[in-house]
Amino acid sequence: MMRHKLTLSYAFNMSLGFIPAIIAIVLCGILPYSTAVYIGTGFGILYSIYIAHAQVKRAPNLLLYISTGTLAVFALLSLIPGNKLTNESFPITLETSMIIIFALLYLQRKKIADHFRNRQERLLCQSVESCVVAMQVIMALGVIHLFVIVMGLLFGRNPMRPHAFYAIYHVMPWAVFAVGIVFNQMGIHYFNRVARKAIILPVVNKRGDVIGRSLASETLTHKNKHINPVVRVAIMTNGMLFLCRRAQTRILDRGKIDVPMERYLRFGETLEECAVDLVQSTFPNAKEHLKPTFSVVYHFENDITNRLTYLFILDVKDDVILCDPRFEGGKLWTVGQVDTNLGKDFFGSCLEEEFEHLKVVIDTKEKYKVS
């Protein structure tokens, strides 16, 4: 069994786009605010150019563009005679302005995401989704900052002590953005830890070409949105099929009679590895050599699932190993018995698709006594 990591790059921490704002606010404590704004804007422009021309294609950081654009507006305002902004008022004004912009964009998040999704621009869709997460964090921290300001005005000394004023109006504005970066970084780290333990499935087309990958858990939520490969193993012995009842935990055909072995192919795993793993895990103590052989592939889709099914056949000489309580309702079926019960909502959907092929295989083996 092979598992591959599906990790989320730290480049998707869109809150890194707040760095120009942090630089401008921090420098505002030691330089004239206009100079700090120019430096922050310049850094934002250089960072944007770096992302656009990076060797590895990266998702555009929309929050970086917003931060840089907001700073550029403040830079222009600083050139206007009679401008009222000062080093004391700039940090809280910048924070408030950016949070208002984020709140307005957050209200339109579905329309924005649908726009890029309809254009099938996957990288931009991922960027928008990551930006929404980052904006949620910043807005939550902004609310906490607002609460601190209100409490300070209501219950603090008037006038406010200098160190308290500096902490609330100078330190906390850049700290809000910095903590947002840390929280998003922690979120990505946690996601990657979970992803390392998750089962990854390949997404294929009807020819079996791998075109992507997804978490196994998504097969339950997305159902038939993607085609995932499934390996099934049918057991034959003495011209009969061994069938049993499907577990109630299955997403398809719960409780119906079907072949005893089936599971999704894992990303990076070969069909043969999957089939052998199925057999070995089902018969760990089998004395005889059990080797499944590939038989047929077909596409199966309904309202519940969308799969490219690879059917393997396992020839068992000694049917004693089939006497296992794990096979609920397990028994040997003749071709005639299966044929009689087809179309009666008794067998699994895939088995009914496969039966004509299985019947031909059984008839051929019996005719030529292939062992």
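The values are calculated or read from the model by the stated rules, or taken from the named source; none is laboratory data. None of the values given here were measured: they were computed from a predicted structure. Glycine gets a Cβ as well: all are built from the backbone with ideal geometry, and neighbour counts include every protein chain shown. To get the accessible areas, we keep the full protein, side chains included, count just its heavy atoms, and leave off ligands, DNA and RNA. Shrake-Rupley method; radii C 1.70, N 1.55, O 1.52, S 1.80 Å.
Brief remarks follow.
- Search result, residues across region 2-44 that are small (Gly, Ala, Ser) and either at pLDDT 95 or above or buried (at least 19 other Cβ atoms within 10 Å of the Cβ) (or both): Ser15, Gly17, Ala21, Ala24, Ala36, Gly40, Gly42, Gly44
- For beta carbons closer than 9 Å, sequence separation of 6+ or different chains, a first residue in region 247-276 that is within 16 Å of Arg326 (Cα to Cα) and a second that is open to solvent by 50 Å² or more (accessible area, probe 1.4 Å) and in a helix (DSSP H, G or I), the qualifying pairs are Met261/Ser281.
- The listed residue being open to solvent by 40 Å² or more (accessible area, probe 1.4 Å) and among the small types (Gly, Ala, Ser), out of Gly142, Gly69, Gly152, Gly82: Gly82
- For region 301-348, a tally of residues being part of a helix (DSSP H, G or I) and closer than 25 Å to Phe283 by Cα returns 6.
- Residues in region 349-371 that are hydrophobic (A, V, I, L, M, F, W, C), open to solvent by 60 Å² or more (accessible area, probe 1.4 Å) and part of a helix (DSSP H, G or I): Val360 alone.
- Within region 289-308, residues that are within 16 Å of Leu271 (Cβ to Cβ) sit with their Cβ atoms under 8 Å from residues that are open to solvent by 80 Å² or more (accessible area, probe 1.4 Å) and basic (Lys, Arg), at 6+ positions apart or across chains, in these pairs: His299/Lys206; Leu308/Lys206.
- Condition check for Ala52: small (Gly, Ala, Ser), closer than 18 Å to Gln126 by Cα and in contact (Cβ under 8 Å) with a residue 12 or more places away in the chain: no
- Residue within region 281-304 that is touching a His at 6+ places or on another chain (Cβ under 8 Å) and not aromatic (Phe, Trp, Tyr) present: yes
- Condition check for Asp318: farther than 21 Å from Leu358 by Cα and open to solvent by 30 Å² or more (accessible area, probe 1.4 Å): no
- Residues of region 50-91 that are part of a helix (DSSP H, G or I), within 36 Å of the chain's Cα centre (by Cα) and under 22 Å from Val137 (Cα atoms): Leu62, Leu63, Leu64, Tyr65, Ile66, Ser67, Thr68, Gly69, Thr70, Leu71.
- The residue of region 180-217 that is surrounded by the most Cβ atoms within 10 Å (Cβ to Cβ), among those that are in contact with a helix residue (DSSP H, G or I) (Cβ under 8 Å, 6 or more places away or on another chain) and of a type outside the set (Phe, Trp, Tyr), is Gly180.
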